[in-house]
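The values are calculated or read from the model by the stated rules, or taken from the named source; none is laboratory data. As the structure is a prediction and not an experimental result, all values here were calculated from the model. Here the Cβ positions follow ideal geometry from the backbone for every residue, glycine too, while neighbour counts run over all protein chains shown. The accessibility values were calculated without ligands, DNA or RNA, using every heavy atom of the protein model including side chains. Shrake-Rupley method; radii C 1.70, N 1.55, O 1.52, S 1.80 Å.
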Amino acid sequence: MFSDFIHQFWPSTIDGLSLGAVYALVALGYTMVYGVLRLINFAHADIFMVGTFAAMWTVKTMGVSDLGGFALVGAILLSAVVAGAVSGGGAVVLELVAYRPLRKRGASRLAALISAIGASIVIEQLFATIVIPQVFDLPKEKGKIAQAYHFVHRTDLIDIGPIKIANDRLIIFLGAILIMIALDQFVNRTKLGRGIRATAQDPESAVLMGVNIDRVVTATFLVGGVMAGAAAALYYARFEEAWYFSGFLLGIKAFTAAVLGGIGNIRGALVGGVALGLFESYGSSLFGSQWKDVVAFSVLILVLMFRPTGILGESLQQARA
């Protein structure tokens, strides 16, 4: 068991970093909404799912296959833009339909949480019964899409002894890092970003200072949706699959990553996502792939037991990120 871990250390590390980067991008949506509204947006996982279908549609429309080099980078970038736009728009609609009416009526957070669960089920079933069979004209097979669109030609860009880094892993990791840097700069340096941080810190004072709360909340959902869409495009580039239930487990793990890094902390989402991806990958090497989910959630339980605020332990209003 331990010898397998040593033998698979570098491949596991590379896989963990690329998968953790996807977790981190999805976790950003959870952590931003929680920072502003103190709401766990469980429907965010389905916004990610919508992005996977948008990425698949983009690749199918381009009619490409076995891409490498700059062509692959361009295809992933285009699919990320389309998926980000679709998921971002979906997140805004979700806020307008499922959350804003409750906020206007002063409903409890429990009511918003129930609304989030209901919205999640509606989106899943909408795709399962209408979008998949009619829009994509694809049959379902045990809930999965029976047809995939292969467009990535995987080659090792770096091959140094045991260290082999494939082109798709490198693009996913670097792309996620660049997106998170851009988000960090947006939150810290733009007027709207300062409005988001001010609302997270003290909504009443923010209103007195002229901050439009509705605009800030809409922007928060939009940015979180765009991050989920970008993550969906990177996820599709790696796994080349899209199905209506794909957001469920990944969404739980992304939420775990947000809690692990410190819920409400954008940089914490990055740390938590990468850490969770590595824990999963190393756990698969040590105990087998069937134990990876057990390892991931066991780590979460341990962190919550000894550091309930997460690794960084700051909220959006306190951190610079």
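Annotations
- Matching residues in segment 250-279 - criterion: being modelled with pLDDT of 90 or more and either among the aromatic types (Phe, Trp, Tyr) or at positive phi (or both): Phe255, Phe279
- Residue-level analysis places Val97 outside the set of residues that are part of a helix (DSSP H, G or I), within 15 Å of Ile172 (Cβ to Cβ) and not aromatic (Phe, Trp, Tyr).
- Entry remark, segment 57-82: residues being in contact (Cβ under 8 Å) with a residue 40 or more places away in the chain and outside any helix (DSSP H, G or I) number 5 in total.
- Here Leu249 meets each of (1) touching a residue at least 24 places away in the same chain (Cβ under 8 Å); (2) surrounded by 15 or more Cβ atoms within 10 Å (Cβ to Cβ); (3) part of a helix (DSSP H, G or I) with one exception, condition (2).
- Any chance Ile123 is in a helix (DSSP H, G or I), in contact (Cβ under 8 Å) with a residue 40 or more places away in the chain and open to solvent by less than 20 Å² (accessible area, probe 1.4 Å): no
- Considered as a group, the residues in segment 280-318 that are small (Gly, Ala, Ser), closer than 21 Å to Gly262 by Cα and touching a helix residue (DSSP H, G or I) at 6+ places or on another chain (Cβ under 7 Å) include one that is modelled with the lowest pLDDT, and that residue is Ser315.
- Taken over segment 139-159, the residue count meeting the criterion of being modelled with pLDDT under 75, part of a strand (DSSP E or B) and of a type outside the set (Lys, Arg) is 2.
- Tabulated pairs, segment 276-288, first without any contact (Cβ under 8 Å) to a residue 40 or more places away in the chain, second open to solvent by 10 Å² or more (accessible area, probe 1.4 Å), C-beta under 8 angstrom, 6+ apart or interchain: Gly283/Trp291; Gly283/Lys292; Gly283/Val294; Gly283/Val295
- Screening Ala233 with (1) of a type in the set (A, V, I, L, M, F, W, C); (2) more than 17 Å from Thr31 (Cβ to Cβ); (3) open to solvent by 80 Å² or more (accessible area, probe 1.4 Å) gives one miss only, at (3).
- Filter result for Arg215 (open to solvent by 10 Å² or more (accessible area, probe 1.4 Å), modelled with pLDDT of 90 or more and in contact with a helix residue (DSSP H, G or I) (Cβ under 7 Å, 6 or more places away or on another chain)): no
- Ile117 in a helix (DSSP H, G or I), farther than 17 Å from Tyr235 by Cβ and at pLDDT below 90: no
- Qualifying residue in segment 182-198 (condition: under 16 Å from the mean Cα position of the chain (by Cα), assigned to a helix (DSSP H, G or I) and crowded, with 21+ Cβ neighbours inside 10 Å): yes
- Residue match in segment 13-31 (condition: open to solvent by 10 Å² or more (accessible area, probe 1.4 Å), under 23 Å from the mean Cα position of the chain (by Cα) and among the polar types (S, T, N, Q)): yes
- Across segment 252-283, the number of residues qualifying as over 20 Å from Ile196 (Cβ atoms) and over 14 Å from the mean Cα position of the chain (by Cα) comes to 8.
To keep it simple, each residue is scored yes or no on (1) at pLDDT 95 or above; (2) more than 15 Å from Tyr236 (Cα to Cα).
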position	(1), (2)
Val36	no, yes
Ile40	no, yes
Asp46	yes, no
Lys60	no, no
Val64	no, no
Leu72	no, no
Ala80	yes, no
Ala85	yes, yes
Gly90	yes, yes
